[in-house]
Amino acid sequence: MKVLIIGSGIGGLTTAIALKQQNIACEIFDAASCNKPLGAGIMLGANAMKVYHRLGMADALSEHGVQFLKMNIMTYKGSVLQTIENEILKEKYGAATYAIHRAALQQQLINAAPVPVQWGKRFVNAVQNENSVTAYFEDGSTATGDLLIGADGIRSVVREKHVANACYRYSGQTCWRATVALTLPEAERAVTSEIWGPGNGLRAMYTQVGPQQVYFWMTKRMPPGSAYTAEASLQLIRSELRDFPGYMQILLQHLQPDTLIHSDLYDIAPLHKWMNGRIVLLGDAAHATTPNLGQGAGQAIEDAYVLARCLSKEQYVKLALEQYCNLRVKRVHGLVNMAWNLARATNLSNPLLVALRNGLMKCTPRAIAEKQMDFIFGAQLD
């Protein structure tokens, strides 16, 4: 069997590594001209790290990431609404959550992939028959395999041409991300906090992701397509976060305008069709989500592992793809909807509703909080 993977992001590369573990051959294609160290930080939740433990990648990734003791959700006035303790995650789910720079993660996955990425291969079409599928690229080249995986992101060409048309949903929030050249004090490295402002989607967070690398982000409710220069973005960020406590003000003084990445936050409405014959979707191409649960990458990583397992167990490709979809769709849709509703909750502007939301979060019964944790981190992979 040979698998064609379109896209060399986290999902595509993890799929290649998972296929290697099952002795399944693959080829990886990406439209970019080369690997570029883009992006800022990323959270690899306990569920994602559990997969990487099984794939033999956990030690390498932990060396390039940072394991904090706990993460809080708190208000800008200092009230802690919820806490996640990493040691509890490790005890309960078999792995801890790590913060890592996206470029470091990408490079480690490229290093571990069974074959080199074929760069400069922009996918334009695919033709399939009963026994194979052939991918066509913009440069005139082709590749043929037993199945094709669309791991080409939220704006997936594979999905739009061959599986289903996505309905993009704007969350109401825009986001700025950056990597700050800084080492946090020990207390700040140990406890990371997502800080919620007085409403209108205003939130911010910073966490160490590597040596002299602090991942910072801020969201705010505003119309889509709002344009800012880098300097104007920095002024806006400092103004919006002027009342945020603690080390935030020191970090903002180190924030440089040329490091800011600005993007509106979209997801896609849950898709019930992830495959068409020998073509199947994975990661953001199938289920792009808002980042409110920190599970976008985690769900792509779970997809990769489950798909490789299905392909190794089932003789017939189409049946394997159907099993993969049946195992993944319900879980992923639940997480996409949970993240979407959380975005809506943080978009509230009425002070009374904001206070009610915060009170409900703070007083969530332990049994309910544990059930939510089980749903997010307790993936059944086999």
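Bear in mind that the values in this text are calculations on the coordinates, not laboratory data. Every value quoted in this text rests on a predicted model; they were computed, and no experiment measured them. Ideal geometry is used to build each Cβ from the backbone, glycine not excepted, and the neighbour counts take in all protein chains shown.
Here are the numbers for this structure:
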{"item": "Listed residues 251, 319, 293: farthest to the positive end of the dipole of segment 246-332 (Cβ charges)", "result": "319"}
{"item": "Phi to ³J(HN,Hα) by Karplus 6.51 cos²θ - 1.76 cosθ + 1.60 over segment 141-154, Hz, x for Gly, Pro", "result": "7, 9, 8, 10, x, 7, 7, 10, 9, x, 10, 9, x, 4"}
{"item": "Per-residue [θ]222 nm for the chain (sum of -39500 (n - 2.57) over DSSP H runs n ≥ 4, rounded to 500)", "result": "-12000 deg cm²/dmol"}
{"item": "Inter-probe distance in nm under a simple model that places probes 7 Å from Cα toward Cβ, at residue 322 and residue 230", "result": "5.3"}
{"item": "Chain lengthening between residue 191 and residue 331 when straightened (0.36 nm per residue, less Cα-Cα)", "result": "47.5 nm"}
{"item": "Percentage relative contact order, the chain, counting C-alpha pairs under 8 Å, at least six apart", "result": "22"}
{"item": "Calculated from backbone phi, Karplus (6.51, -1.76, 1.60) coupling profile of segment 27-33 in Hz, x at Gly/Pro", "result": "10, 10, 10, 9, 6, 5, 6"}
{"item": "Candidates 297, 95, 187, ranked by Gaussian network fluctuation over the chain, Cα under 10 Å, top entry", "result": "187"}
{"item": "Potential lengthening between residue 36 and residue 144 on full extension [0.36 nm per residue; Cα-Cα distance subtracted]", "result": "36.2 nm"}
{"item": "Among the listed pairs 36/70; 90/362; 50/92; 161/313; 70/371; 36/121, those beyond 20 Å (Cα-Cα)", "result": "36/70; 90/362; 161/313"}
{"item": "Candidates 170, 206, 52: whichever shows maximal mean-square fluctuation once the chain is modelled as a Gaussian network with Cα springs under 10 Å", "result": "170"}
{"item": "Chain lengthening between residue 353 and residue 88 when straightened (0.36 nm per residue, less Cα-Cα)", "result": "92.2 nm"}
{"item": "Separation of the residue 250 and residue 72 label points, Cα + 7 Å toward Cβ, nm", "result": "1.6"}
{"item": "Spin-label pair residue 262/residue 21, simplified geometry with 7 Å Cα→Cβ offset, distance in nm", "result": "4.1"}
{"item": "Charge dipole (the chain, unit charges on Cβ, about Cα centre) - positive-most of 207, 71, 282", "result": "71"}
{"item": "Interchain or long-range residues, amide H under 5 Å from residue 82's placed H", "result": "73"}
{"item": "Other-chain or far-sequence residues with amide H under 5 Å of residue 40's (modelled H)", "result": "102"}
{"item": "Placed amide H near residue 97: partners under 5 Å, 5+ positions off or other chain", "result": "46"}
{"item": "Segment 54-203, relative contact order [Cα under 8 Å, separation at least 6], %", "result": "26"}
{"item": "For the chain, size of Cβ-based charge dipole, Lys and Arg +1, Asp and Glu -1, in debye", "result": "720"}
